[in-house]
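Enquirer: This is the structure, below, for whatever I ask next.
The values are calculated or read from the model by the stated rules, or taken from the named source; none is laboratory data. Computed from a predicted model, the values in this text were never measured in an experiment. Counting neighbours? That spans all protein chains shown, and the Cβs are built from the backbone with ideal geometry, glycine included.
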Amino acid sequence: MRPRPTTTVPTTTLPAGLPPGLAVARRFSFAPTPDLVSGAAAGVDAFFDAQLDPRRSELPATSALVLAIDAEWAAVATAGSGVEPAERRRAAAASAAGRSLALAAWSNLQLRQVVADFFSDHLHVSISEQPSVFFVPNYDAGVIRSGALGRFADLLVASARSAAMLVYLDNATSRADRGRTPNENYARELLELHTVGVSGGYDEADVAEVAHLLSGWSLDTGTRQFTFRPGWHDLGPLADGGDVLGWRPAGGGVADGESFLHHLARLPATARFLCWKLARRFVADDIVPEDPLVTELAATYLREDTAVGPVLRLAARRSDRWRVKVRRPLDLVAAALRTAGPVPTFEQFRGALPQLRTSLQALGQVPWQWPAPNGFPEVAAAWSGPGAMIARWNTASAAATGFGALPLHPDPSPGRLLGHEPGATLAAAVRSAPSATVVRSLTFAAPEFQVR
């Protein structure tokens with residue numbers, strides 16, 4: 001579902017004098033919890049060192065929940081002809097959306113989850129399309145989340161080789177043999193959306209050459225895993241010694257394609273485009289590509305061989321540039337889940353799914369469901385308007401009841417839900433609230449909770 005028509009975005013700011021570490025924990029997680037705030041209290045580096053530590057483990061309850069979500073989809077995926085196509089599509093979509101929401105809400109690896117959310121838009125595959133929907137659960141787990149905090153060059157290659165992306169943008173069936181014209185869908189989005197951006201210096205001839213270069217990148221008909229079909233591959237214009245954005249082939253084949261993807265990831269235009277998008281996500285909506293901060297981030301990206309972690313660490317150190325970021329719908333729902341109660345069992349989570357799905361659909365952001373390859377919009381204006389505000393208030397009411405099935409902490413105080421003491425307006429409102437449910441509802445609907 002597309003976001004509603006935009007209107008002027010209501011602005012709000014966090015109160016002054018927040019506890020040390022709270023601002024970083026709010027900005028680089030779906031919601032601050034006491035352990036995250038404590039870890040960030042020693043400074044940005046302490047927070048990032050802890051979140052990037054490969055030894056940091058997931059919470060057992062969260063792992064069990066995600067394993068159960070994955071197992072339900074695996075049972076349907078392997079059931080063969082006994083499951084109707086419509087049910088298979090529904091199960092795949094529910095798995096992809098469900099695991100995204102569960103990890104956003106209850107993961108102990110919060111930095112990984114917020115960055116994975118960014119890359120689920122940057123390298124987007126939609127569950128609204130067939131048959132790519134069937135591959136999105138594995139794409140989410142095996143490509144986006146596993147590679148979110150590594151090198152972008154590696155993530156780009158993994159995405160290009162994934163069944164989800166190959167099918168979604170039609171490269172799995174792209175052929176250049178016998179004079180055929182290869183499909184240009186993936187080549188175009190690779191340049192425009194994934195790497196150098198629309199102003200990155202390429203032209204239509206480059207798109208055609210990239211399509212030839214990646215012809216034959218396909219899927220095995222049995223395993224549905226990546227395979228290279230040399231009989232479908234032809235370098236086309238590049239065979240005569242041409243170049244694409246400074247890259248030249250070394251003989252064709254799959255190695256040339258991977259070499260080109262690594263080249264793209266390391267171009268200054270890619271560094272600036274990707275870092276601009278990261279800055280809009282984690283710094284401010286109104287950052288422009290020419291901003292000096294983007295230049296700083298891009299220089300770090302190139303110096304660190306496309307590693308994402310150092311770029312984010314620098315963005316966190318530049319809190320002087322931060323502006324209020326309105327929580328997108330998934331952020332809002334995940335924050336309410338994360339602060340309202342403990343990790344649920346799979347049965348409790350499944351019981352809450354109807355209300356969760358209704359809320360996310362009304363808000364306009366079911367994970368992975370944006371219909372176009374550019375991913376969900378980033379800036380607040382895309383998520384504001386009279387209808388959107390009503391949906392947020394309704395979601396606050398649903399969250400206050402645990403979406404009908406989730407366990408809730410006995411303490412509903414705004415201080416615990418927000419991570420800091422509420423402003424005067426909210427404090428006055430909850431003093432006369434008749435129940436814990438109303439206190440939670442008022443807090444989740446309050447301006448302080450709508451931002452990070």
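Enquirer: Has region 226-233 got at least one residue that is in the same structural domain as Val136 (by TED's automatic domain parsing), outside any strand (DSSP E or B), in contact with a helix residue (DSSP H, G or I) (Cβ under 6 Å, 6 or more places away or on another chain) and not small (Gly, Ala, Ser)?
Expert: Within region 226-233 (the criterion being in the same structural domain as Val136 (by TED's automatic domain parsing), outside any strand (DSSP E or B), in contact with a helix residue (DSSP H, G or I) (Cβ under 6 Å, 6 or more places away or on another chain) and not small (Gly, Ala, Ser)), the answer is yes, since at least one residue qualifies.
Enquirer: A further question on this structure: With the requirement that a residue be at pLDDT 95 or above, surrounded by fewer than 24 Cβ atoms within 10 Å (Cβ to Cβ) and either not assigned by TED's automatic domain parsing to the domain that holds Glu258 or not in a loop (DSSP other than H, G, I, E, B) (or both), what does region 178-204 give you?
Expert: Selection gives Asn185, Arg188, Glu189, Glu192, Leu193, Glu204.
Enquirer: For region 300-354, how many residues are under 22 Å from Arg27 (Cα atoms), out of contact with any strand residue (DSSP E or B) (no Cβ under 7 Å at 6 or more places or on another chain) and touching a residue at least 12 places away in the same chain (Cβ under 8 Å)?
Expert: Adding up the residues that qualify gives 32.
Enquirer: Moving on to the next point. Looking at Val244, Val283, Val210, Val254, which one is closer than 16 Å to Asn171 by Cα, in contact (Cβ under 8 Å) with a residue 40 or more places away in the chain and of a type in the set (Val, Ile, Thr)?
Expert: One residue alone meets the criteria, Val210.
Enquirer: Can you find a residue in region 124-139 that is among the acidic types (Asp, Glu), touching a residue at least 12 places away in the same chain (Cβ under 8 Å) and either within 21 Å of Ala352 (Cβ to Cβ) or part of a helix (DSSP H, G or I) (or both)?
Expert: no
Enquirer: Determine whether Gly251 is at pLDDT below 95 and over 27 Å from Ser146 (Cβ atoms).
Expert: yes
Enquirer: If I ask for residues that are under 21 Å from the mean Cα position of the chain (by Cα) and assigned to a helix (DSSP H, G or I), which ones from region 32-49 would you list?
Expert: Scanning region 32-49 gives Leu36, Phe47, Phe48.
Enquirer: Additional query: For Gly415, which of the numbered conditions (1) at pLDDT below 95; (2) in a helix (DSSP H, G or I); (3) in contact with a Leu (Cβ under 7 Å, 6 or more places away or on another chain) fails to hold?
Expert: The one condition Gly415 does not meet is (3).
Enquirer: Look at Val366 and say whether it is modelled with pLDDT under 95 and in a loop (DSSP other than H, G, I, E, B).
Expert: So Val366 does not fit the description; no.
Enquirer: Do we have Ala239 as assigned to a loop (DSSP other than H, G, I, E, B) and hydrophobic (A, V, I, L, M, F, W, C) here?
Expert: No.
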